[in-house]
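The values are calculated or read from the model by the stated rules, or taken from the named source; none is laboratory data. Quick caveat, the model's predicted, so the values are computed rather than measured. Positions of Cβ are generated from backbone atoms using ideal geometry, with glycine treated the same way; all protein chains shown enter the neighbour counts.
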Amino acid sequence: MTQTGKQAGKRTALVLGAGGLVGAGWEAGVLRGLLDAGIDLTTADLIVGSSAGAVVGARIASGPGGLDALYEEQLDGQATESAARLGLPMILRYALAVLRSRTPEEYGRRLGRLALAAPTVAEADRRATVARRLGRAADWPARPLLITAVDAGTGELAAYDEDSGVPLTDAVTASCAIPGVWPPATIDGRRWIDGGIHSTANAHLAAGYDRVVVVAPSARGSKVVLSPARQGADLAAAGARVEVITPDEASRKAIGRNALDPAHRAAAARAGRAQAASHTEAVAAVWTG
């Protein structure tokens with residue numbers, strides 16, 4: 001695994017943030033809408049995926065047609081996905097954990113303990129669900145892809161890549177292991193939780209790239225968990241051209257209050273595709289300008 005990616009000679013990076021099943025649909029819509037305008041972000045020299053973004057990143061990096069297939073799946077009302085919910089008691093525990101933490105690692109440890117103690121589905125069943133989402137994108141792609149996860153014991157962020165020796169399905173399962181909702185994933189005897197716990201985008205992993213586009217279903221952040229906008233600003237301060245895309249009002253309405261309810265995926269995907277039109281000029285300036 002790596003913490004910084006393969007930067008030598010690289011120019012463009014696409015960062016895909018956390019946001020649940022519905023957030024993944026919105027991301028697919030944004031990317032499809034930009035493609036409508038002739039901007040193909042799937043050609044990025046580096047793709048960074050966290051949680052929902054891990055699934056989207058793996059799918060679009062898998063080869064030609066990956067984005068089109070992913071977008072169409074979001075519109076399929078017959079797609080089989082189980083609804084889940086991060087209930088109010090769990091949300092309050094998240095909030096308390098972040099208030100009591102001074103660093104992302106401390107926050108990760110607190111939520112790691114929560115995740116390890118929570119009753120959830122069997123780990124093997126959860127992995128099988130993620131494998132179905134990935135479909136034919138079950139192997140590491142030829143292009144650089146980083147998949148984030150947080151060590152449930154230490155709270156440290158890791159970014160898996162093709163050289164990590166970890167199957168892509170295992171890495172994505174770990175990245176999508178929302179504490180209190182899904183079980184931590186076991187990799188090499190260690191337990192891992194959602195990569196979005198460290199930050200909702202982990203855009204800092206694109207440091208060193210000249211042109212960065214961040215697509216993040218969640219704009220939230222704090223002093224401990226940095227927002228996509230803050231991380232984008234840090235990249236820009238270091239000299240990169242950066243565009244950060246988060247849901248507009250229409251997209252937030254389409255995503256709804258439960259980002260884990262697959263019933264909202266189609267609406268979120270369509271909203272993301274429509275929203276992309278308002279970002280084409282800025283993204284083009286970053287990506288090709």
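Taking the condition touching a residue at least 12 places away in the same chain (Cβ under 8 Å), within 25 Å of Glu73 (Cβ to Cβ) and in a strand (DSSP E or B), does Ile178 pass? When the stated conditions are applied, Ile178 does not pass them.
Number of residues in segment 83-116 that are under 17 Å from Arg257 (Cα atoms) and loosely packed, with under 11 Cβ neighbours inside 10 Å equals 3. Does Ile39 satisfy being farther than 22 Å from Arg136 by Cα, among the β-branched types (Val, Ile, Thr) and at pLDDT 95 or above? Spelling it out, Ile39 is indeed farther than 22 Å from Arg136 by Cα, among the β-branched types (Val, Ile, Thr) and at pLDDT 95 or above.
Considering only residues that are surrounded by fewer than 23 Cβ atoms within 10 Å (Cβ to Cβ) and either closer than 13 Å to Ala216 by Cβ or at pLDDT 95 or above (or both), which ones fall in segment 257-272?
Going residue by residue through segment 257-272, those that are surrounded by fewer than 23 Cβ atoms within 10 Å (Cβ to Cβ) are 257-258, 260-263, 266-267, 270.
Matches in segment 257-272: Ala266, Ala267, Arg270.
If you go through segment 44-65 and pick out every residue that is over 8 Å from the mean Cα position of the chain (by Cα) and either modelled with pLDDT under 95 or not in a helix (DSSP H, G or I) (or both), you end up with 9.
Residues of segment 169-186 that are within 15 Å of Val48 (Cβ to Cβ) and either out of contact with any Lys or Arg (no Cβ under 9 Å at 6 or more places or on another chain) or of a type in the set (Lys, Arg) (or both): Ala171, Ser175.
When segment 142-175 is filtered for residues that are in a helix (DSSP H, G or I) and without any contact (Cβ under 8 Å) to a residue 40 or more places away in the chain, only Ala174 remains.
If you go through segment 66-82 and pick out every residue that is at pLDDT 85 or above and surrounded by 12 or more Cβ atoms within 10 Å (Cβ to Cβ), you end up with 10.
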